[in-house]
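Everything below concerns the one structure shown next.
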Amino acid sequence: MREVAAVTPRGDVLLCRVAEAGRDRRTGLRGARGLSQYAAFLFPSATSVHTLGMRFAILVVRLDDALTVVDVRRVLPRRFVPPMRGASHVLECNENADLRVGDVLRIEGPDRSAGDRANEREHHHRGNR
């Protein structure tokens, strides 16, 4: 499983494991004993998740194509988060992560992923104003 760094507008860096393979997507954080403050799990092309088999609450953050946060909610174990229109990706974080609706995440690192093209388009678009 590959990892990327997601930088928040306040400068926090979340080390994200990217769930692209079917097995990784099915397992997610199930069975984990916790999630560190600056760790996250990114599900590209997903809008819903569940916390079945989890032992701790998480912050479920839904992102649009441009990696803008469109929904943030604390989710307890054994819950289902239904799909959401306007969302394209799901980020599972420590429940104390400082992410807010409207934040735009920036992906950094040598092994960039799904949101990269969106970040580049946004950067280019802002430069043309």
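The values are calculated or read from the model by the stated rules, or taken from the named source; none is laboratory data. Treat the numbers as computed from the prediction; the structure is a model and nothing was measured. With ideal geometry, Cβ positions are generated from the backbone for all residues, glycine too; neighbour counts draw on all protein chains shown. The accessibility values were calculated without ligands, DNA or RNA, using every heavy atom of the protein model including side chains. Shrake-Rupley method; radii C 1.70, N 1.55, O 1.52, S 1.80 Å.
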So which residues in the range 63-108 are small (Gly, Ala, Ser) and surrounded by 14 or more Cβ atoms within 10 Å (Cβ to Cβ), if there are any at all?
Ala66, Ala87, Ser88, Ala97
With the first residue restricted to the range 7-25 and required to be within 18 Å of Ala66 (Cβ to Cβ) and in contact (Cβ under 8 Å) with a residue 24 or more places away in the chain, and the second required to be outside any helix (DSSP H, G or I) and open to solvent by 80 Å² or more (accessible area, probe 1.4 Å), Cβ contacts under 7 Å at 6 or more apart or on different chains are Val7/Arg106; Leu14/Tyr38; Cys16/Glu3; Val18/Met1; Val18/Glu3
Selection from the range 68-93 of residues that are touching a residue at least 60 places away in the same chain (Cβ under 8 Å) and more than 11 Å from Ala46 (Cα to Cα)
Glu92, Cys93
For Ser36, work out the one condition from (1) in contact with an Asp or Glu (Cβ under 9 Å, 6 or more places away or on another chain); (2) among the polar types (S, T, N, Q); (3) closer than 20 Å to Arg2 by Cα it doesn't fulfil.
(1)
Tally, over the range 35-62, of residues that are surrounded by fewer than 19 Cβ atoms within 10 Å (Cβ to Cβ) and touching a Leu at 6+ places or on another chain (Cβ under 6 Å)
3
Go through the range 2-33 and report how many residues are open to solvent by 40 Å² or more (accessible area, probe 1.4 Å), in contact with a strand residue (DSSP E or B) (Cβ under 8 Å, 6 or more places away or on another chain) and part of a loop (DSSP other than H, G, I, E, B).
2
